[in-house]
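Have a look at the structure below, then the notes.
The values are calculated or read from the model by the stated rules, or taken from the named source; none is laboratory data. Being a predicted model, the structure only gives us computed values, none of them experimental. Neighbour counts run over all protein chains shown; Cβ positions are idealised from the backbone, glycine included.
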Amino acid sequence: MKKLIKKYISKQDKALISSVTNYDINNLIHEVKDWTPFNNNAKHIITRFDKKGMHLLRSLLAEKIIDDLRESKFNALQCSEYTEFKETGLIIRHDIDINKDKEWIYKIISTFEGSNYGLSLRNFNVNNIIATSGYDIQHSPHIDTFQPSCKLWIYKNDMSLENGPFCYVKGSHRNSKEKLSLLYSLSTERSRKLLNISNDYEGSTIGRLSSQTSNLLPLGEVTASLRLKVNNSFKSFDPKDINKTLRSFNLNEETPITGETGTLCIADISGMHRRFKGLDGSVRRSVRWSSLRRNLNPFSL
Ligand SMILES: [Fe+2]
């Protein structure tokens, strides 16, 4: 990883991270003797090094590596949808039919993911059904991955707020100063809380600890995904409160992706998102595809 940091993390990147942590990131890079616990695809590693910017460094490094991959090996800069996707983390199109438009869809997914998955319709869940019945943890804002990764939906029914559409915070996929500040607050708080319980958690992941930690902290506080804390809770689904919290980090307000049947949405799920809480009894039907990128270690590409 040290080699990758040298190759991809510029002086400006280091200054950016240091300005969020108030700690010279060069000292962290020097201090870490064993990078093994951090050299994997885990969404977040519990570590005392978070205070010094470890999660920010892993996130920014993954972003730089994947940007390079898509732009140098997948000619992303020649793909007209890529500019919009890189800037906002979101592509919305209308009147899309998975059968008719599959070649175009395969092409943009491969470009955005920086990978040739040999996509075929078999990889798509063409009959995804989500029925709203009370609160679900997906109704609260969260970040699925620390590395750029896509998810795709094509609505199979008209989608208004009542049906529980996908919601996305445009631009929140990029590791801007605002996003890094949010990640710093979430990652340090989680690491601090878990390391207070036991030092044995150092270098571990929530995935590995879930059976032990599930009883130690309330639901939502310890899930593999980092979640937005709104009014001191990880379980908020109130759009007003959520937008107020997003504004406090100088991030955009969320955009609910409503639209008619055939609306396509591709989002980078390293950005903040959630499922809008629709009316009980409402249904969202869609074609869905989920990234394989997040199962890969971006530091071993
Ligand atoms: Fe998610």
- Task: Return the residue satisfying two criteria in turn: it lies in the stretch 104-141 and is within 13 Å of the ligand (Cβ to nearest atom) and either polar (S, T, N, Q) or within 30 Å of LYS73 (Cα to Cα) (or both), and of such residues it is surrounded by the fewest Cβ atoms within 10 Å (Cβ to Cβ).
- Result: GLN138
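Test of understanding: among LEU77, LEU69, which residue is assigned to a helix (DSSP H, G or I), over 18 Å from ILE143 (Cβ atoms) and touching a residue at least 60 places away in the same chain (Cβ under 8 Å)?
Numbers: LEU77 fails: touching a residue at least 60 places away in the same chain (Cβ under 8 Å).
None of the others qualify; the one that does is LEU69.
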- Among the candidates MET54, MET1, residue that is at pLDDT below 95 and over 27 Å from VAL287 (Cα atoms): MET1
- Looking at THR205, THR223, which is the one that is modelled with pLDDT under 80 and of a type in the set (Ser, Thr, Tyr)? THR223
- Query: If you scan the stretch 155-180, which residues turn out to be out of contact with any helix residue (DSSP H, G or I) (no Cβ under 7 Å at 6 or more places or on another chain) and buried (at least 22 other Cβ atoms within 10 Å of the Cβ)?
  - Reply: TYR155, MET159, GLY164, PRO165, PHE166, CYS167, TYR168, HIS173, LYS179
- Task: Can you run down the residue pairs with Cβ atoms below 8 Å, 6 or more apart or on separate chains, where the first is in the stretch 36-53 and at positive phi and the partner is polar (S, T, N, Q) and surrounded by fewer than 19 Cβ atoms within 10 Å (Cβ to Cβ)?
- Result: GLY53/SER18
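Any idea which of LYS33, LYS14 is free of Cβ contacts under 8 Å to residues at least 40 places away in the same chain and in a loop (DSSP other than H, G, I, E, B)? Full working, then the answer.
On the way: LYS14 fails: in a loop (DSSP other than H, G, I, E, B).
It is LYS33.
Of LEU186, LEU152, LEU180, which residue is within 16 Å of the ligand (Cβ to nearest atom), within 15 Å of the chain's Cα centre (by Cα) and in a helix (DSSP H, G or I)? If you could, list the steps in order and put the result at the bottom.
Details: LEU152 fails: in a helix (DSSP H, G or I); LEU180 fails: within 16 Å of the ligand (Cβ to nearest atom).
Of LEU186, LEU152, LEU180, the one residue that is within 16 Å of the ligand (Cβ to nearest atom), within 15 Å of the chain's Cα centre (by Cα) and in a helix (DSSP H, G or I) is LEU186.
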- Item | Any hit, the stretch 95-110, residues being out of contact with any strand residue (DSSP E or B) (no Cβ under 9 Å at 6 or more places or on another chain) and within 21 Å of GLU178 (Cβ to Cβ) | no
- Residue that is nearest to the ligand (Cβ to nearest atom) [pool: residues in the stretch 247-285 that are assigned to a strand (DSSP E or B) and among the acidic types (Asp, Glu)]: ASP268
